[in-house]
Amino acid sequence: QVQPVESGGGLVQAGMSLRLLCAASGSGFRNAAVGWYRQAPGTQRESVASITSGGSTSYADSVKGRFTISRDNARNAVYLQMNSLKPEDTGIYYCHYVWLGFQYWGQGTQVTVSS
């Protein structure tokens, strides 16, 4: 199994959208639950959204109704569609999964939302 790679971050104005991509090779990624986390400067890393191998999803209260997590197992990809972005969504977004007891974190992608 390999470390996931995130992409799609950037600088946007409040109210705009971004779509993040998390990609990793290996059957572990396809069969694991995958989560998106974020960390703003001076704060702890927090869970944003997660999706099981079967497609069940969960969200932090702060992003419900604005963010959508999805996966395409044929492409070994997990997406995070972020709409109506707010300045408080600013941070580094990380992809994470666990397989056979090992944790895999990506390097993160920066999302900056200006007011």
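Scanning segment 66-106 for residues that are closer than 17 Å to residue 9 by Cβ and aromatic (Phe, Trp, Tyr) yields a total of 5. Would segment 59-76 turn up any residue that is touching a residue at least 24 places away in the same chain (Cβ under 8 Å), assigned to a helix (DSSP H, G or I) and not charged (D, E, K, R)? Looking for residues that are touching a residue at least 24 places away in the same chain (Cβ under 8 Å), assigned to a helix (DSSP H, G or I) and not charged (D, E, K, R), one finds at least one in segment 59-76, hence yes. Specify the residue that is farthest from residue 89 (Cα to Cα); the eligible residues are those in segment 19-47 that are surrounded by 17 or more Cβ atoms within 10 Å (Cβ to Cβ) and in contact with an Asp or Glu (Cβ under 9 Å, 6 or more places away or on another chain). Only one residue tops the list, namely 23. Candidates in segment 48-66 are the residues that are in contact with a helix residue (DSSP H, G or I) (Cβ under 9 Å, 6 or more places away or on another chain) and open to solvent by 40 Å² or more (accessible area, probe 1.4 Å); of these, the one that is farthest from residue 111 (Cα to Cα) is 53. Would you check which residues across segment 1-33 are touching a strand residue (DSSP E or B) at 6+ places or on another chain (Cβ under 8 Å) and charged (D, E, K, R) and list them? Those that are touching a strand residue (DSSP E or B) at 6+ places or on another chain (Cβ under 8 Å) and charged (D, E, K, R): 6, 19.
Look through segment 79-110, keep the residues that are part of a strand (DSSP E or B), polar (S, T, N, Q) and surrounded by fewer than 19 Cβ atoms within 10 Å (Cβ to Cβ), and return whichever of them is farthest from the chain's Cα centre (by Cα).
103
Here the condition is being within 19 Å of residue 17 (Cα to Cα), touching a Ser or Thr at 6+ places or on another chain (Cβ under 6 Å) and modelled with pLDDT of 95 or more; of 59, 37, it holds for 37 alone.
I'd like the full set of residues that are small (Gly, Ala, Ser) and free of Cβ contacts under 8 Å to residues at least 24 places away in the same chain, limited to segment 46-58. So that I can check it myself, show each step before the final result.
The initial filter retains those residues of segment 46-58 that are small (Gly, Ala, Ser), namely 47, 49-50, 53-56, 58.
Correct list: 47, 50, 53, 54, 55, 56, 58.
Show the residue pairs meeting these rules: Cβ distance below 7 Å; 6+ apart or different chains; first residue within segment 12-31 and touching a residue at least 24 places away in the same chain (Cβ under 8 Å); second residue open to solvent by 50 Å² or more (accessible area, probe 1.4 Å) and basic (Lys, Arg). Short answer, once both residue conditions are applied: 14/86.
Among the conditions (1) closer than 18 Å to residue 2 by Cβ; (2) surrounded by 15 or more Cβ atoms within 10 Å (Cβ to Cβ), residue 69 misses just one, which is (1).
Residue 76 falls short on exactly one of the conditions (1) of a type outside the set (A, V, I, L, M, F, W, C); (2) on the phi < 0 side of the Ramachandran plot; (3) out of contact with any His (no Cβ under 8 Å at 6 or more places or on another chain); (4) open to solvent by less than 60 Å² (accessible area, probe 1.4 Å), and that condition is (2).
The values are calculated or read from the model by the stated rules, or taken from the named source; none is laboratory data. In this text, all values refer to a predicted model and were calculated from it rather than measured experimentally. Don't worry about glycine lacking a Cβ; one is built from the backbone with ideal geometry, like all the others, and counts go over all protein chains shown. For accessibility, only protein heavy atoms count, side chains too; no ligands or nucleic acids. Shrake-Rupley method; radii C 1.70, N 1.55, O 1.52, S 1.80 Å.
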